């Protein structure tokens, strides 16, 4: 198969563009995922419920991929399914900030995982077509690197945001002896608005 320089360039641009979409999608999800436990706890979920919710979300993500792949093959609606999966991420992750109960947050978490399982196989077909032109290893490697970069940056940005919004507080505990207060270790409290 003879590939022109223009076809190679277009395929590479497509891989990079889809890589950026994956990078930002992973930043949002992995950033949110890094605070899911504390969020669910603050909304009243027990540790067991947090574990069940996280496990159910991952189970959905893993098990629906087969059916999503079959649907993509049957309908050939690769773009539609990919777009729908990323759209779910775009809507659901910010929606977690507005969840009023742990049950609502749990549904949003599972919906996000559903979006991931929907888009994965269809996106991979689109990527496969582009990587035929530039090389499968190079194309998938570049996409995976961008995807994983987002997975690392998301939690780091959330941690940075929390660090900027919170300041270490040196509180003391009084055990009856006022002359030797012990500082509370690692306590972070929100600072006043700047």
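Only DSSP H runs of four or more residues enter the estimate; each adds -39500 (n - 2.57), and after division by the residues of the chain the mean residue ellipticity at 222 nm equals -26500 deg cm²/dmol. Among 28, 114, 83, which one moves the most in a GNM of the chain with springs linking Cα atoms closer than 10 Å? Sorting by GNM fluctuation, first place goes to 83. Across 85, 51, 154, mean-square fluctuation computed from a Gaussian network of the chain (C-alpha pairs under 10 Å connected) peaks at 51. Across 106, 47, 56, mean-square fluctuation computed from a Gaussian network of the chain (C-alpha pairs under 10 Å connected) peaks at 47. Counted residue by residue at 0.36 nm each, then reduced by the alpha carbon distance between them, the extension gain from residue 91 to residue 129 reaches 10.9 nm. Taking label positions 7 Å along the Cα-Cβ direction at both residue 13 and residue 66, the computed distance is 4.0 nm, reported to one decimal. Extension gain, residue 163 to residue 56: 0.36 nm times the residue separation minus the Cα-Cα distance gives 35.5 nm.
None of the figures in this text is laboratory data; all of them are computed from the coordinates on show. Owing to the predicted nature of the structure, the values given are computational and were not obtained by experimental measurement. Glycine gets a Cβ as well: all are built from the backbone with ideal geometry, and neighbour counts include every protein chain shown.
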